[in-house]
Amino acid sequence: MKGEDPLTVFLENIFQLSAALLLLCSLFYYRHFKKTKKQRNLTPFELSIYIITQVAIFLVQGVI
C-alpha cells in the first residue's frame, strides 16, 4: 500500500516467511511420525504431537 512504512512491510514479509517455514517443518515432522508409527507404536507424547501436527496442518490449509 502506498505510504506504508518500509519496516512494517519488511516485518510482514518476515512473518509470512516464518509461517511458511513452520508449515514446512511441521509437514516433515508429521512425515517422520508417520514412518515411525509404521515401525513401532508411538509413545503417548509422540502420539499427542502427531495428532496436534495433523490438526495444525488442517487448520493452516483452511486459512491459505
Residues (closer than 15 Å to Ala19 by Cβ, in a helix (DSSP H, G or I) and free of Cβ contacts under 8 Å to residues at least 24 places away in the same chain) located in segment 29-64: Leu59, Gln61, Gly62, Val63
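Here's the yes/no breakdown for (1) farther than 22 Å from Gln61 by Cα; (2) at pLDDT 90 or above; (3) out of contact with any Asp or Glu (no Cβ under 7 Å at 6 or more places or on another chain):
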{"position": "Leu7", "(1), (2), (3)": "yes, yes, yes"}
{"position": "Asn13", "(1), (2), (3)": "no, yes, yes"}
{"position": "Cys25", "(1), (2), (3)": "no, no, yes"}
{"position": "Phe28", "(1), (2), (3)": "no, yes, yes"}
{"position": "Arg40", "(1), (2), (3)": "yes, yes, yes"}
{"position": "Ser48", "(1), (2), (3)": "no, yes, yes"}
{"position": "Ile51", "(1), (2), (3)": "no, yes, yes"}
Looking only at segment 1-59, and only at residues there that are of a type in the set (Gly, Ala, Ser) and surrounded by 10 or more Cβ atoms within 10 Å (Cβ to Cβ), the one that is nearest to the chain's Cα centre (by Cα): Ser26
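The values are calculated or read from the model by the stated rules, or taken from the named source; none is laboratory data. Everything numeric in this text was worked out from a predicted model, so none of it was measured. Cβ atoms come from the backbone with ideal geometry, glycine included; neighbour counts cover every protein chain shown.
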